[in-house]
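> Just passing along the structure, written as structure tokens.
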């Protein structure tokens with residue numbers, strides 16, 4: 001019963017709330033001194049992801065500080081390849097790295113240990129639901145198959161994911177198989193998060209923007225549609241937010257084609273277009289994270305633009321990408337206050 | 001008189017040619033063994049840009065090999081900050097670097113030496129026009145103020161140009177001044193290239209895609225409009241291609257707002273949208289460079305899609321971004337042959 005009162009779930013079901021509910025991508029993160037304290041004692045970054053004690057603590061930190069309307073499970077999109085034994089490493093000062101996979105490696109992928117490996121994440125979700133205020137929505141998440149695959153192919157992040165684009169052109173069958181495998185295991189993972197207590201889930205397709213039209217349809221839309229269909233077939237009440245960063249004009253029919261309840265908008269999505277997208281359902285976004293770093297007029301102007309243009313429809317206020325480590329926590333306080341005060 | 005017969009100029013004036021003329025961004029580059037030979041003996045990368053002898057040679061190489069319909073001056077968008085004495089360096093294995101600029105540095109910018117510093121570039125253009133086949137269009141180019149400014153602020157390339165976005169939010173007046181200075185000196189530079197023999201010019205806004213809506217209008221559209229107006233006021237027959245990579249939905253009215261004759265399309269622009277954009281005038285693009293690396297069906301499918309959807313309007317066939325060093329020169333030959341043969 002309580003779930004139906006949670007604001008973010010109400011918006012995900014199409015309601016317009018004024019002021020809109022708010023949470024921030026990467027709200028549990030390095031901009032918070034209390035996060036850095038836990039991070040320092042938790043061991044590696046993956047140790048933090050797999051420690052229910054520490055992951056619960058850092059997930060709760062921004063809720064205590066700011067009273068966000070959603071908590072998002074502290075984890076990483078690369079726990080899936082990590083659970084597939086791709087030797088994922090997070091080294092300080094580098095981006096994530098793992099063993100690059102080839103066609104043979106894709107054929108040999110062993111999914112048996114995946115859900116067992118991810119059991120601590122579900123324990124984190126269970127504990128979170130018990131500890132969170134009743135009004136706070138608990139979000140689970142995972143990476144979209146395309147985005148996860150880009151790291152698996154290259155073995156690391158790249159500015160334009162050229163290795164994965166090239167691999168997909170050269171080995172389309174193997175690549176589609178990899179995406180299907182990722183879609184299915186990720187759907188299982190989302191269902192497990194929902195069963196452990198997540199109210200809704202977000203699928204992050206952080207690298208959707210580097211795809212051409214055919215590839216967007218085949219590698220971004222189709223696998224996410226497959227995931228959402230699988231999740232909803234098993235958990236019909238599940239609500240899904242899909243965030244295809246950089247998709248630009250292709251967001252046009254992304255909601256319809258994927259079956260997502262809400263779509264996330266990055267900060268490059270113009271508000272005219274966002275208004276059009278909102279006519280079909282809830283949107284989430286899309287303040288430039290650099291406005292939070294800048295503060296002052298840049299921050300308030302950005303907030304007010306979004307509230308003015310998108311506030312009269314179903315909106316979850318968020319950033320257009322994750323908050324960055326250099327953001328001042330005081331600016332986050334001002335942001336929450338201004339959104340809740342309705343802007344100018 | 002001869003200029004009017006050059007195919008790319010005819011398309012820039014709105015004509016539809018079948019097959020469409022073709023050139024490739026970065027067609028003079030590392031994928032060609034003859035380029036690597038010149039590069040090895042030319043000294044630094046900037047030495048190559050400023051050596052009319054070597055720059056002419058590498059510009060002509062792809063024309064000899066493939067008979068492209070345009071030659072593009074071999075140079076770099078960062079010769080402008082280099083001429084502003086920002087200590088630009090191209091170190092092997094790193095991206096470009098320069099001394100980052102601050103508000104005080106922007107106020108102290110000295111433009112006196114710029115055009116003199118760039119005199120060798122105009123010498124290259126003059127020599128090229130004499131050596132090129134008469135039917136080959138000679139393109140000059142420069143970077144758009146926003147893109148050049150992102151490097152000047154950060155001192156290097158970054159995946160999302162966060163330093164420049166942040167600087168612009170914090171110091172909008174200084175940043176707009178920097179863009180205006182860059183727009184004016186770049187317009188002078190383009191006029192000088194035209195006077196030296198360039199038939200048309202392209203403005204590269206490689207980082208337009210990381211801007212929010214307001215910032216795109218202020219930092220991408222306005223400075224490019226200022227440049228084009230300045231060039232056309234002085235050289236009314238000048239033709240300008242504007243390439244705002246990653247601009248997505250915001251390409252919608254980019255041509256109208258900037259005054260560009262043609263707009264470049266990156267490979268993420270869906271062809272439905274490209275068809276709409278082509279109704280207002282010529283478009284250029286937009287094959288994914290990774291298709292040229294992949295070759296085979298990925299290459300021919302990508303070519304045929306573009307020819308089928310955009311071939312019946314004014315089109316300059318090109319890639320959606322620069323050709324990459326790992327492209328096989330044989331695939332480039334197949335590309336040119338297929339475009340000239342009209343695809344399937």
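Yes/no matrix, rows are residues, columns are (1) at pLDDT 95 or above; (2) over 19 Å from residue A:138 (Cα atoms):
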{"residue": "A:3", "(1), (2)": "no, no"}
{"residue": "A:7", "(1), (2)": "yes, no"}
{"residue": "A:16", "(1), (2)": "yes, yes"}
{"residue": "A:25", "(1), (2)": "yes, no"}
{"residue": "A:65", "(1), (2)": "yes, no"}
{"residue": "A:68", "(1), (2)": "yes, no"}
{"residue": "A:73", "(1), (2)": "yes, no"}
{"residue": "A:103", "(1), (2)": "yes, yes"}
{"residue": "A:117", "(1), (2)": "yes, yes"}
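> Out of curiosity, is residue B:102 in contact (Cβ under 8 Å) with a residue 24 or more places away in the chain and under 30 Å from residue B:168 (Cα atoms)?
No; evaluated as a whole, the condition is false for this residue.
> With over 29 Å from residue B:262 (Cβ atoms) and assigned to a loop (DSSP other than H, G, I, E, B) as the only criterion, which of B:106, B:77, B:101 stands out?
Being over 29 Å from residue B:262 (Cβ atoms) and assigned to a loop (DSSP other than H, G, I, E, B) holds for just one of B:106, B:77, B:101, which is B:101.
> Would you pick out the residues in segment A:211-231 that are more than 14 Å from chain B (Cβ to nearest Cβ), surrounded by 24 or more Cβ atoms within 10 Å (Cβ to Cβ) and within 20 Å of residue A:246 (Cβ to Cβ)?
A:223, A:224, A:227
> Considering each of A:242, A:262 in turn, give the residue that is in contact (Cβ under 8 Å) with a residue 12 or more places away in the chain, within 11 Å of residue A:285 (Cβ to Cβ) and away from chain B (no Cβ under 12 Å).
Step by step, each of A:242, A:262 is checked, and only A:262 is in contact (Cβ under 8 Å) with a residue 12 or more places away in the chain, within 11 Å of residue A:285 (Cβ to Cβ) and away from chain B (no Cβ under 12 Å).
> In this structure, does residue A:234 turn out to be away from chain B (no Cβ under 12 Å), more than 19 Å from residue A:99 (Cα to Cα) and buried (at least 19 other Cβ atoms within 10 Å of the Cβ)?
no
> Across segment B:128-150, what is the number of residues that are within 17 Å of residue B:243 (Cβ to Cβ) and assigned to a helix (DSSP H, G or I)?
Here the count works out to 6.
> Go through segment A:245-259 residue by residue and tally those that are more than 9 Å from every other protein chain (Cβ to nearest Cβ) and at pLDDT below 95.
Number of matching residues: 0.
> When segment A:310-322 is examined, which residues are found to be more than 10 Å from every other protein chain (Cβ to nearest Cβ) and either under 21 Å from the mean Cα position of the chain (by Cα) or crowded, with 24+ Cβ neighbours inside 10 Å (or both)?
A:310, A:314, A:315, A:316, A:317, A:318, A:319, A:322
> So for segment A:143-162 (the condition being more than 23 Å from the chain's Cα centre (by Cα), in contact (Cβ under 8 Å) with a residue 60 or more places away in the chain and surrounded by fewer than 24 Cβ atoms within 10 Å (Cβ to Cβ)), does at least one residue qualify?
No, there is no match, as no residue in segment A:143-162 is more than 23 Å from the chain's Cα centre (by Cα), in contact (Cβ under 8 Å) with a residue 60 or more places away in the chain and surrounded by fewer than 24 Cβ atoms within 10 Å (Cβ to Cβ).
> Considering each residue of segment A:12-47, count those that are under 16 Å from residue A:71 (Cβ atoms) and not in a loop (DSSP other than H, G, I, E, B), and give that number.
Count: 5.
> Here's another thing I want to ask about it. Going through segment B:287-309 one residue at a time, which ones are free of Cβ contacts under 8 Å to residues at least 60 places away in the same chain and away from every other protein chain (no Cβ under 12 Å)?
B:303, B:308
> Can you name every residue in segment A:109-127 that is in contact (Cβ under 8 Å) with a residue 12 or more places away in the chain and either buried (at least 22 other Cβ atoms within 10 Å of the Cβ) or part of a loop (DSSP other than H, G, I, E, B) (or both)?
A:109, A:110, A:111, A:113, A:118, A:121, A:124, A:125, listed by residue number.
> Would you tally the residues in segment B:45-68 being free of Cβ contacts under 8 Å to residues at least 60 places away in the same chain and touching a strand residue (DSSP E or B) at 6+ places or on another chain (Cβ under 7 Å)?
Total meeting the criteria: 2.
> Kindly indicate whether any position in segment A:268-275 is within 12 Å of chain B (Cβ to nearest Cβ), more than 27 Å from residue B:175 (Cβ to Cβ) and outside any strand (DSSP E or B).
The answer is yes; a qualifying residue exists.
> Next question, about the same structure. Answer with yes or no whether residue A:256 is over 25 Å from residue B:322 (Cα atoms) and without any contact (Cβ under 8 Å) to a residue 60 or more places away in the chain.
yes
The values are calculated or read from the model by the stated rules, or taken from the named source; none is laboratory data. Treat the numbers as computed from the prediction; the structure is a model and nothing was measured. A quick note on method: Cβ atoms are made from the backbone with ideal geometry, for glycine too, and the neighbour counts reach across all protein chains shown.
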